[in-house]
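What follows is one structure encoded as structure tokens, with my remarks underneath.
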Amino acid sequence: MTDIKKAIVLAAGFGTRFLPMTKAIPKEMLPLVDRPLLHFFVEEILEAGVKDIVFVTHKNKRAIEDYFDRAPELEHFLEERGKHELACIVRDIASVASFGYVRQKEQKGVADAVLAARHLIGDEPFAVMSGDDLIDAHPSPLKQMADVYQKYHAPVTCLMRVPPEKTDKYGIIEGSEVEPGVWKITRAVEKPAPAEAPTNLATLTRFILTPDFWPYLENVQPVKGELYIPPAIDTYIKDGHAFYGCEVKGTWYDCGDKLGYMRAVVDMGLKHPEIGKQFGAWLGEKYRKQG
């Protein structure tokens, strides 16, 4: 059992890369077949043994609250028509965890979004995830990170290797590998130019943080006008604290990017228990015709 009981899911961005769709629909609610992206993140959190989930949103994202709420009229409609399995699925979405919501008042960056939920977290370790980075993995990415946290009793971030020419899009770490796939971080820098990046190990917006990290979030200095977590990690380490990185084993989809999202759509479609085989056959036939 993990002693991490709460998770913050960041879903306050405008989703500008998916406009005009995201003018009306939150990017985090874009579907992978019949479930929105956020559904997959909630399942990941639950697999790690965490039951209290706080969403950081803004005023145009009521669809998130509606999705994770009860829908008595819909449930009754389905039951009346004998669609008991569907009614159960709809009902279970609202009962799998305890959900809370808080709004980020301004778009000031990831660190600011996490701070918006502080009053709902208290002085205990907690997880942080964004609604962009979907990782298909078993055990789940957060479970892999929680295992590292339980062993070293220190904050942990999720690491993925990125092409060296793309380091300027991510927080990048430097450190020593203390066991296969686990790094003790010695330095973290936000969006370094490829020529200045210490490694190609990128820290995704998946963290397990401890209460002593709050002051570092509060005092982090902006980078290009936004407040990020890697600079806070760097200061935390310089003050003598340990911070670890876990190279998560799994397939990463950057669903904040159109191409990354479409890759996730295809792969999740192929794995879908209802349509996967037919979808795969259709894709194969289409490929043969085009080839």
| Does Thr157 meet the test of being hydroxyl-bearing (Ser, Thr, Tyr) and part of a loop (DSSP other than H, G, I, E, B)? | no
| request: Output the residues belonging to the stretch 15-42 that are in a helix (DSSP H, G or I) and under 15 Å from Tyr253 (Cβ atoms). | output: Arg17, Phe18, Lys27, Glu28, Leu37, Leu38, His39, Phe40, Phe41
| Residue list for the stretch 223-246, restricted to those being surrounded by fewer than 16 Cβ atoms within 10 Å (Cβ to Cβ), of a type in the set (D, E, K, R) and closer than 30 Å to Val178 by Cα | Lys238, Asp239
| field | Count of the stretch 98-138 residues which are out of contact with any Gly (no Cβ under 8 Å at 6 or more places or on another chain), part of a strand (DSSP E or B), over 20 Å from Ala63 (Cβ atoms) and β-branched (Val, Ile, Thr) | value | 1
| said: Being open to solvent by less than 30 Å² (accessible area, probe 1.4 Å), touching a residue at least 24 places away in the same chain (Cβ under 8 Å) and over 24 Å from Ala188 (Cα atoms) narrows it down to one residue among Gly269, Gly256, Gly284; which is it? | reply: Gly269
| field | Residue in the stretch 272-291 that is basic (Lys, Arg) and within 25 Å of the chain's Cα centre (by Cα) present | value | no
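Yes or no, residue by residue, for (1) farther than 23 Å from Leu142 by Cα; (2) modelled with pLDDT of 90 or more:
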| site | (1), (2) |
| --- | --- |
| Asp3 | no, no |
| Phe14 | yes, no |
| Leu19 | yes, no |
| Lys23 | yes, no |
| Lys27 | no, yes |
| His39 | no, yes |
| Val42 | no, yes |
| Ile45 | no, yes |
| said: Name the residue that is surrounded by the most Cβ atoms within 10 Å (Cβ to Cβ), counting only residues in the stretch 178-198 that are touching a residue at least 12 places away in the same chain (Cβ under 8 Å) and of a type in the set (Gly, Ala, Ser). | reply: Ala188
| field | Failed item in (1) free of Cβ contacts under 8 Å to residues at least 40 places away in the same chain; (2) in a strand (DSSP E or B), with Leu86 passing the rest | value | (2)
| query | So, in the stretch 160-176, of the ones that are in a loop (DSSP other than H, G, I, E, B) and under 20 Å from Tyr228 (Cβ atoms), which residue ends up most open to solvent (accessible area, probe 1.4 Å)? | reply | Tyr170
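The values are calculated or read from the model by the stated rules, or taken from the named source; none is laboratory data. Here the structure is a predicted model, which means the values were calculated and not measured. Positions of Cβ are backbone-derived with ideal geometry, glycine not excepted, and every protein chain shown enters the neighbour counts. To get the accessible areas, we keep the full protein, side chains included, count just its heavy atoms, and leave off ligands, DNA and RNA. Shrake-Rupley method; radii C 1.70, N 1.55, O 1.52, S 1.80 Å.
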